[in-house]
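Working notes, beginning with the structure itself.
The values are calculated or read from the model by the stated rules, or taken from the named source; none is laboratory data. As the structure is a computational prediction, the values presented were derived from the model and not from experiment. Neighbour counts are summed over all protein chains in view; Cβ atoms, including those assigned to glycine, are modelled from backbone coordinates with ideal geometry.
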């Protein structure tokens, strides 16, 4: 089993939660991979530099100057701080962007409703699987940020949730894979004001209904869409929520068609 953990949301911006999540990650036995987003740090850097940040449907619109900023923060500051902390725990982490070792190659999509700028979409051939397997077999633990490349000398800002799903789907060719999307809430919430209202198990029909009712919105939509695609592709376990040792939090996604509307 390979455990794939994606850390995002306000976890990145909360020093204590980030350390707790990374410590729990370190204690996972066996082979594992960490993928992380960018939190709000790039927004703060943009504000300091006088650069406005824009989002649409939970995705950052990435013009040229914004690409420079997210590359500095995601692939630089955030990635190296995470690697540094994991090293302090004795974890042989290796920080990576998509350009390193030709790890992940993305492509700039054709835009219909909104031009997102320098963003990258992924295909089934995006991941350099031999390179990833080499790192894992040699005992290294990859720590991947959300900056990819296009193979023509350009960097792209790619949604970290999509990267996690893509990596998971690629790995299932030869491995059993569990995928955990980690963020600051206990799971997918029915009431944003009540952290204990998280759903223990949720199928895709329930997701679509909650999306229509706008109970689920913004970046959580992208996260769940990616998660269900990974589950359909054959990932053994997909879970979303807070990731702290000895705490049974998280919403488990299932393909079973049933409604589970409240905590059991």
(message) For the list (1) at pLDDT below 95; (2) closer than 24 Å to residue 166 by Cβ; (3) not in a loop (DSSP other than H, G, I, E, B), I need the number of the one condition that residue 35 fails.
(response) (1)
(message) Is it the case, given these coordinates, that residue 48 is in contact with a helix residue (DSSP H, G or I) (Cβ under 8 Å, 6 or more places away or on another chain), farther than 19 Å from residue 170 by Cα, without any contact (Cβ under 8 Å) to a residue 60 or more places away in the chain and not in a loop (DSSP other than H, G, I, E, B)?
(response) no
(request) Quickly run through the range 114-125 and pick out the residues that are in contact with a helix residue (DSSP H, G or I) (Cβ under 6 Å, 6 or more places away or on another chain) and more than 22 Å from residue 53 (Cα to Cα). (result) 122
(request) Would you mind stating whether residue 220 is within 24 Å of residue 249 (Cβ to Cβ), at pLDDT 95 or above and surrounded by 20 or more Cβ atoms within 10 Å (Cβ to Cβ)? (result) no
(message) For the range 1-19, give me the residue count where each residue is surrounded by fewer than 16 Cβ atoms within 10 Å (Cβ to Cβ), outside any loop (DSSP other than H, G, I, E, B) and in contact (Cβ under 8 Å) with a residue 60 or more places away in the chain.
(response) 2
(request) Output the number of residues of the range 114-136 satisfying the condition of being without any contact (Cβ under 8 Å) to a residue 24 or more places away in the chain and either over 17 Å from residue 170 (Cα atoms) or in contact with a strand residue (DSSP E or B) (Cβ under 9 Å, 6 or more places away or on another chain) (or both). (result) 2
(message) The conditions are (1) in contact with a strand residue (DSSP E or B) (Cβ under 8 Å, 6 or more places away or on another chain); (2) over 28 Å from residue 30 (Cβ atoms), and residue 176 fails exactly one of them. Which is it?
(response) (2)
(message) For the range 56-113, which positions are in contact with a helix residue (DSSP H, G or I) (Cβ under 8 Å, 6 or more places away or on another chain), part of a loop (DSSP other than H, G, I, E, B) and either surrounded by fewer than 18 Cβ atoms within 10 Å (Cβ to Cβ) or modelled with pLDDT under 95 (or both)?
(response) 57, 58, 89, 90
